[in-house]
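Down below is the structure, laid out as structure tokens.
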Amino acid sequence: MSRYHKGRRFEYKVRDLLKREGWIVFRCAASKPVDLIALKGDAVVLIECKTGKARLTKDQKRFLRLVAERTKAIVVIAEQEDGQVLFKVLK
């Protein structure tokens, strides 16, 4: 399976998990500006899904922090460990 397909499958897994928890979730085309945008009440969460050894670059982190600051959103990195989805807030 290609990295693209693994990544897309993980994005769907995260999306479905959040939907079951009552979030409204949008998957962004070509992962621009982020992979997923989740909304619930007043909360806005920008989600980057990472599989394997993929990590955000410094420039990507800087951009996401800027977007979060301007929109009052929270940026979360979703990773998979031992089959479980882990959410880490980008600080």
Roughly how many Å² is the accessible area per residue of the chain, as a whole number, for a 1.4 Å probe?
71 Å²
Taking amide H positions as placed in the peptide plane 1.01 Å from N, state which residues far from Val76 in sequence (5 or more) or on other chains have amide H under 5 Å from it.
Leu46, Ile47, Glu48, Leu90
Most fluctuating residue given options Ala54, Ala30, Ala43, as computed from a GNM of the chain linking Cα atoms under 10 Å:
Ala30
Out of the trypsin sites (Lys or Arg not before Pro) in the range 9-66, which ones are loop residues according to DSSP with at most 13 other C-beta atoms within 10 Å?
Lys53, Arg55
The chain - share of DSSP beta bridges that are antiparallel (%, nearest 5):
70 percent
Tensor-based shape of the range 23-87 (alpha-carbon gyration tensor, a/c under 1.5 rounded, otherwise prolate or oblate)
oblate
Per the helix-only model, the chain has a calculated mean residue ellipticity at 222 nm (DSSP H runs of ≥4, -39500 (n - 2.57) each, divided over all residues, rounded to the nearest 500) of -11500 deg cm²/dmol
Selection from Leu46, Gln84, Ala68, by position along the positive dipole direction of the range 37-91 (Cβ)
Ala68
In whole percent, the fraction of accessible protein surface over the chain that belongs to carbon or sulfur atoms, probe radius 1.4 Å, stands at 53 percent
Name the residue, out of Ala38, Ala29, Ala68, whose mean-square fluctuation peaks in a Gaussian network model built on the chain with Cα pairs under 10 Å.
Ala29
Candidates Gly22, Gly41, Gly52; GNM for the chain (alpha-carbon contacts under 10 Å) flags as most fluctuating Gly41
State to the nearest 20 debye the size of the charge dipole of the chain about its Cα centre, where the only charges are +1 on K and R beta carbons and -1 on D and E beta carbons.
300 debye
Using the Cβ atoms and a cut-off under 15 Å, what net charge is assigned to the surroundings of Glu21, where Lys and Arg are +1 and Asp and Glu are -1?
+4
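The values are calculated or read from the model by the stated rules, or taken from the named source; none is laboratory data. Quantities reported herein were computed from a predicted structural model and do not represent experimental measurements. Don't worry about glycine lacking a Cβ; one is built from the backbone with ideal geometry, like all the others, and counts go over all protein chains shown. For accessibility, only protein heavy atoms count, side chains too; no ligands or nucleic acids. Shrake-Rupley method; radii C 1.70, N 1.55, O 1.52, S 1.80 Å.
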